[in-house]
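S.K.: My questions all concern the structure below.
The values are calculated or read from the model by the stated rules, or taken from the named source; none is laboratory data. What you see is a predicted model; the values in this text were computed from it and never measured. Backbone-built Cβ (ideal geometry, glycine too); neighbour counts: all protein chains shown.
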Amino acid sequence: MSLNTNDLALLLALEENPFITITNLADKLKLSRPTVKKRLENLKDAGMLDKPVALYKPEKIGLERKHIFATVPNRESLEVMEQACDKHPYTKYRARTFGGKFGIYMQFEIPPNTSNLLNEFFKALKEGDILDDFRILSSTGLRAVTYPDLKKFDANNLTWNFSWEKWFKSLNNYTYTIKNQIKPETDFSSYKPIHFSILRDLTSDASIKQKDIKDNFKLSKTEAHRHYKYVMDNYVDKVRLMYDRKSFNLTETYIALARIVNNTTRGQIYNQLKENPPPFYVSIDLLEGSNFVMWGNMSPAQANEFAFSIWKTLENVEIHILSTKHGGSSIYWFYPNNFDFDKEEWKKSREYMVTKPLKELKITISD
């Protein structure tokens with residue numbers, strides 16, 4: 001299915017507000033309501049438009065993010081490592097990586113003061129010859145995210161009006177000052193099972209209706225609205241529209257791990273990403289120890305320019321290509337069962353975070 005001007009305008013409006021009604025869409029685009037409804041149906045039928053998903057900041061619910069880069073000896077070990085991610089209760093994301101050595105990039109969101117248990121989990125995988133090596137890097141909670149700006153996409157030529165080289169050269173126009181590290185919440189007394197259950201649903205499909213929440217959890221209309229609003233106001237950081245990236249030539253995902261970056265450059269890159277965002281899905285996460293990770297989903301030409309531009313800007317940076325197609329990556333929904341509501345704490349025993357997932361992995365492999 002080829003995109004016309006109305007389709008692009010429709011997707012742009014949905015990107016700005018995934019919850020906009022068909023009536024408001026029609027008014028905004030100056031089209032009839034039946035036309036908008038038909039175009040939406042066509043986009044969905046063609047597989048170009050999917051359900052939006054809710055994103056949340058782990059620190060808001062008392063968790064901290066860890067980035068893990070690991071290398072594997074062979075394809076079989078890579079598949080076992082993916083199964084290990086499936087078994088661990090705190091996995092947030094995984095993707096295959098290539099470029100240099102084959103491996104896997106992962107995000108885990110774990111309770112504070114449990115890094116030793118996560119390290120123990122990966123150390124066991126290394127001792128079992130599933131991994132060659134691994135690195136665990138801690139987030140400071142300071143992140144910035146940008147989203148595709150379809151106004152800068154040339155549908156006729158499948159090109160984007162943007163230059164990474166110019167972007168990196170303009171760093172000096174931005175301040176290097178950044179705020180202090182964001183600490184995870186520590187007061188869990190307000191957490192309720194219904195809120196975490198709703199959050200899980202929203203991380204899989206943010207278009208879920210309040211009526212569905214009312215019916216699924218047997219709530220009154222007033223209760224459903226109150227709980228839904230609480231979750232959206234307190235836990236959800238952003239709702240991301242999901243659409244077919246190939247239609248916009250967004251087929252490459254690169255991640256850069258920058259090590260020992262001077263504070264001035266680190267702050268300038270972080271602030272410029274917020275104030276002068278690239279027209280792609282790009283994220284930066286400032287890590288402890290003057291490091292950061294920056295990844296983005298771009299066209300092949302833009303991804304190549306991004307890699308060389310950041311390489312010329314920083315002395316110590318490594319680039320990984322993420323395999324996000326054909327099952328090469330997976331996003332894990334929020335998992336409410338990790339929280340013990342009776343004890344008002346995240347489950348963080350060695351049994352829960354190390355022994356149990358390794359035992360389940362062993363059973364899966366033997367089968």
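S.K.: Within segment 255-282, restricting attention to residues that are at pLDDT below 95 and among the aromatic types (Phe, Trp, Tyr), which residue is farthest from PHE153 (Cα to Cα)?
M.R.: TYR281
S.K.: So, in segment 177-225, exactly how many residues are among the β-branched types (Val, Ile, Thr), out of contact with any helix residue (DSSP H, G or I) (no Cβ under 9 Å at 6 or more places or on another chain) and farther than 17 Å from ALA54 by Cβ?
M.R.: Here is the first cut: in segment 177-225, the residues among the β-branched types (Val, Ile, Thr) are 177-178, 182, 186, 194, 198, 203, 208, 213, 222.
Then drop every residue that is not out of contact with any helix residue (DSSP H, G or I) (no Cβ under 9 Å at 6 or more places or on another chain), which leaves 186, 203, 222.
Narrowing the set further to residues that are farther than 17 Å from ALA54 by Cβ leaves 186, 222.
Final tally of qualifying residues: 2.
S.K.: Further question on the same structure: Please go through segment 148-192 and give me each residue that is surrounded by fewer than 13 Cβ atoms within 10 Å (Cβ to Cβ), under 24 Å from the mean Cα position of the chain (by Cα) and either under 21 Å from SER309 (Cβ atoms) or touching a residue at least 60 places away in the same chain (Cβ under 8 Å) (or both), ordered by number.
M.R.: Residues satisfying the conditions are LYS151, LYS183, THR186.
S.K.: Would you mind stating whether LEU12 is surrounded by 13 or more Cβ atoms within 10 Å (Cβ to Cβ) and without any contact (Cβ under 8 Å) to a residue 60 or more places away in the chain? Quick ask: steps written out before the conclusion?
M.R.: Details: surrounded by 13 or more Cβ atoms within 10 Å (Cβ to Cβ): yes; without any contact (Cβ under 8 Å) to a residue 60 or more places away in the chain: no.
Taking the combined requirement at face value, the residue does not satisfy it.
S.K.: Here's a follow-up. Any chance you could count how many residues in segment 315-336 are touching a helix residue (DSSP H, G or I) at 6+ places or on another chain (Cβ under 7 Å) and either free of Cβ contacts under 8 Å to residues at least 60 places away in the same chain or farther than 30 Å from TYR352 by Cβ (or both)?
M.R.: 2
S.K.: Taking the stated definitions as given, is PHE19 in contact (Cβ under 8 Å) with a residue 24 or more places away in the chain, within 21 Å of the chain's Cα centre (by Cα), more than 30 Å from PRO112 (Cβ to Cβ) and not in a helix (DSSP H, G or I)?
M.R.: The answer is yes for PHE19.
S.K.: Being within 24 Å of the chain's Cα centre (by Cα), surrounded by 17 or more Cβ atoms within 10 Å (Cβ to Cβ) and over 30 Å from GLU15 (Cβ atoms) is the requirement here; does MET294 meet it?
M.R.: The answer is no for MET294.
S.K.: Give segment 39-83 a look and list any residue that's over 20 Å from the mean Cα position of the chain (by Cα) and either buried (at least 19 other Cβ atoms within 10 Å of the Cβ) or at pLDDT 90 or above (or both), or say none.
M.R.: Matches in segment 39-83: ARG39, LEU43, THR71, VAL72, PRO73, ASN74, ARG75, GLU76, SER77, LEU78, GLU79, VAL80.
S.K.: Hey, can you tell me all the residues within segment 104-157 that are of a type in the set (Lys, Arg) and at pLDDT below 95?
M.R.: LYS151, LYS152
S.K.: Something else now. Checking ASP212 against (1) outside any loop (DSSP other than H, G, I, E, B); (2) in contact (Cβ under 8 Å) with a residue 12 or more places away in the chain; (3) among the acidic types (Asp, Glu), which test does it fail?
M.R.: The failed condition is (2).
S.K.: State all residues of segment 38-62 that are of a type in the set (Gly, Ala, Ser) and within 15 Å of GLU109 (Cβ to Cβ); if no residue qualifies, say none.
M.R.: From segment 38-62, those of a type in the set (Gly, Ala, Ser) are 46-47, 54, 62; that's our starting set.
Within segment 38-62, ALA54, GLY62 qualify.
S.K.: Here's something else I'd like to know. Confirm whether LEU25 is surrounded by 18 or more Cβ atoms within 10 Å (Cβ to Cβ) and modelled with pLDDT under 90.
M.R.: Yes.
S.K.: Moving to a separate point now. Which members of segment 316-329 meet the condition of being surrounded by 16 or more Cβ atoms within 10 Å (Cβ to Cβ) and not aliphatic (A, V, I, L, M)?
M.R.: HIS320, SER323, THR324, GLY328, SER329
S.K.: Of the residues that make up segment 67-79, is at least one within 30 Å of ILE20 (Cα to Cα) and of a type in the set (Phe, Trp, Tyr)?
M.R.: Here is the first cut: in segment 67-79, the residues within 30 Å of ILE20 (Cα to Cα) are none.
Looking through segment 67-79, none of the residues is within 30 Å of ILE20 (Cα to Cα) and of a type in the set (Phe, Trp, Tyr).
S.K.: Given the options LEU131, LEU117, name the one that is touching a residue at least 60 places away in the same chain (Cβ under 8 Å) and surrounded by 23 or more Cβ atoms within 10 Å (Cβ to Cβ).
M.R.: LEU131
S.K.: Separate question: What are the residues in segment 240-258 that are touching a helix residue (DSSP H, G or I) at 6+ places or on another chain (Cβ under 8 Å) and either assigned to a helix (DSSP H, G or I) or not charged (D, E, K, R) (or both), if any?
M.R.: Passing the criteria: LEU241, TYR243, PHE248, ASN249, THR251, THR253, TYR254, ALA256, ALA258.
S.K.: Okay, moving on. Sort out which residues of segment 95-117 are among the hydrophobic types (A, V, I, L, M, F, W, C), over 10 Å from SER323 (Cβ atoms) and assigned to a strand (DSSP E or B), and write them in order of number. Write out each step before concluding.
M.R.: Of segment 95-117, the ones among the hydrophobic types (A, V, I, L, M, F, W, C) are 95, 98, 102, 104, 106, 108, 110, 117.
Within this subset, residues satisfying the condition of being over 10 Å from SER323 (Cβ atoms) are 106, 108, 110, 117.
Within segment 95-117, MET106, PHE108, ILE110 meet the criteria.
S.K.: Also: Quick check on my filter: what residues within segment 39-50 are of a type outside the set (Asp, Glu) and farther than 18 Å from LEU12 by Cβ? Please lay out each step first, then the result.
M.R.: First pass over segment 39-50, keeping only residues of a type outside the set (Asp, Glu): 39-40, 42-44, 46-49.
Passing the criteria: only GLY47.
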